[in-house]
Amino acid sequence: MKIHPLLCCLFAINLALPWSGKVQATEPSWHGFVSQGLMQAKDTNFVNLDDKVSAELTEVGLNAAWTLTEELRLAGQVVYVDGGRRFVQGSKLDYLFLDWTVHSSFDWRLDLYFGRFKNQHWLYSATRDVPFTRNAIVLPQSVYFDSFRDIAMGSDGLALKAIRMTDIGEWELNWSYGATNLSKEQSQLLISTLAQGDAEQDYVHQMSLYWRPANSGWQWGISLLDSDFSYDSAEQDYYFDGGITVQRVMANFRYAAEFWELSGEWLQERMSIYDFFAPGFRRGSFSQGWYLQGRYQWLDNSWLSLTYDNFDLDKDNRSGSQFPASTGGLVPAYFGYQNDLSLGLSLDVADNLRLMLEHHWVEGTARLAYPVLPDVQHNTEKHWELWALQLMYWF
C-alpha cells in the first residue's frame, strides 16, 4: 500500500499547530462496517468475464475519530473492497487527515484538512465508500464512474470547508488541491491491460459551492474540476509518453421531504489526450451526463428508489455513429453512450442491518472499462442487464 509522503507529516503538523483548545484529548471513537453481496451483468466486463453470478461485492471498513483539542481532530479509515472488475481489489488507507477548525461561531465556520481527505464536492462522493450511506449498490455511472472510483474518492493534499449562515439560507464552500497515487492495476483499469508503463495523476484541483435555502428542504450546488494525468511508457509498450487533461463542470440538487427524496446531478466533461497513442497525437471531446433519482419511504423500515441515468461520450455525436466509421467498423456505435433505468429496494432488517436489492436495464456501453481503449471483445451487447443484492452491517 503506497502512501503519499504528506501523510507522514500529519503528526508533525499536529505538534506544530497551536494547542489553545480547552478540550483535553479524548480516546478515539471506533466504528466499522461489513457488507457482502452478489451481482451479475451478462455480456459485459463490468463484473467479470464469464457471465456467472459473482460474490465479488465485498466491503469492509474500520474508522476512528480522535478529538485532540477543541480545534483539532484526527480521523482515519482503512477498508477492504472487492467489486469484481469495476475497481481494484484489496485493502487500502481510505483516508487519514487532520481537521483544524480555524474559526467557529454562531453564523460561520472554517475548517482546514491536511492529509488524505475525502472528495466533498459531489452529492455522494464523500460517502460512496460506506455502503449503508449510499442510495444504491451501483451509483449512477454518468457521474460516479467505477473505473475512476479510486481516483475520485479523495486526494492527498490540502482542503478547506467554509459554512456561512445568512438570512436567505446556508452557504457551503469547498476547495481542495492534491493528487492520488495510481497503482499498476489502476492504470490498466483506466487504459487497458496492454499498458505496461506508469500512469500518474499530476494534480486535481476542485471547488464547489452549495446553497440550502432557509426553511426549505432544497439544496443546490455547482462544482468545478481540473486534473492532469501523465503516462511514462515502458521500454516495450503499446503506448507512448503522453498525458490526459480532464476538466469537469457539474450542477446538482436535492430535495428532502418527510417520506420522499428527489436528487440529480449533471456534468459536462472535457477530455484532451496528447502524444499518448503516437508522438504529436491530439484528440479532444466533450462528454455530458446526468441522472435523476427518486426515493420513497414505502414502510417505516424500507425505501423504494427509481433512477434514470444518461451519459453521452461525445455531446456532438450522441448516437455514437462516428465510432464505426473512424475505427473501420471495429467499435460499434453503442460504445458512444449509456442509458440506465434502475429500480431498487432498501430494507432495514434491524437498527444496524440492511438489505439492498436493485436491477438495471441498460442500453450502451460507454461507461464500461476501459474508458481509453474500448473493450469490444467482452462488451458484446447493445442492451444488457445488471442485478445486485447486498447485506450490510455496521457498528
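Just name one of 280, 297, 263: the one whose Cα is farthest towards the positive end of the charge dipole of the range 262-306 (beta-carbon charges, Lys/Arg +1, Asp/Glu -1).
Of 280, 297, 263, it is 280.
Using 0.36 nm times the number of residues separating residue 348 and residue 66, minus their current alpha carbon distance, what extension gain do you get?
In short, 98.6 nm is gained.
Calculate, for residue 43 and residue 272, the FRET efficiency according to 1/(1 + (r/R0)^6) with r their C-beta to C-beta distance and R0 35 Å; round to the nearest 0.05.
With R0 = 35 Å, the Cβ-Cβ based efficiency is 0.65.
How big is the convex hull of the Cα atoms of the chain, per residue, in Å³?
Residue-normalised Cα hull volume stands at 147 Å³.
For the range 220-338, compute Rh as the Kirkwood radius over C-alpha pairs and then the Stokes-Einstein diffusion coefficient at 4 °C and 1.567 mPa s; write the answer in µm²/s, rounded to an integer.
75 µm²/s
Helix-only mean residue ellipticity at 222 nm, the chain, DSSP H runs n ≥ 4 weighted -39,500 (n - 2.57), per residue, nearest 500. What is it?
For the chain, the value works out to -1500 deg cm²/dmol.
Compare 313, 98 by solvent-accessible area with a 1.4 Å probe and give them largest first, with all protein chains kept in place.
Sorted by accessible area, descending: 313, 98.
If you take the Cα Rg of the range 101-215 and divide it by 2.2 N^0.38 Å, with N the number of residues, what do you get?
1.26
What figure in square angstrom, to the nearest 10, would you give for the accessible area of residue 60 with a 1.4 Å probe?
In the full protein context, residue 60 sits at about 50 Å².
Under a point spin-label approximation (7 Å from Cα along Cα-to-Cβ), what is the residue 222-residue 298 distance to one decimal in nm?
A separation of 3.8 nm, rounded to one decimal place.
What translational diffusion coefficient, in µm²/s and rounded to a whole number, does the Stokes-Einstein relation yield for the range 285-395 at 20 °C and a viscosity of 1.002 mPa s, taking the hydrodynamic radius as the Kirkwood radius over Cα pairs?
D = 135 µm²/s.
To the nearest 20 debye, what is the magnitude of the charge dipole of the chain about its Cα centre, counting +1 on the Cβ of each Lys and Arg and -1 on the Cβ of each Asp and Glu?
The calculation lands at about 380 debye.
Taking Cα pairs under 8 Å and at least six residues apart, what relative contact order does the range 202-339 come out at, in percent?
Value for the range 202-339: 15 percent.
How big is the Cα convex hull of the range 140-203 in projection, averaged over all directions, in nm²?
That works out to 5.9 nm².
Using a 1.4 angstrom probe on the protein heavy atoms only, could you order 378, 31, 121 from most to least accessible area?
From most accessible down to least: 31, 378, 121.
The values are calculated or read from the model by the stated rules, or taken from the named source; none is laboratory data. Just so you know, these numbers come straight off a predicted model, no measurement behind them. Every residue, glycine among them, receives a Cβ derived from its backbone with ideal geometry; neighbour counts consider all protein chains shown. For the accessible areas, the whole protein counts, side chains as well, though only heavy atoms, and no ligand, DNA or RNA atoms are used. Shrake-Rupley method; radii C 1.70, N 1.55, O 1.52, S 1.80 Å.
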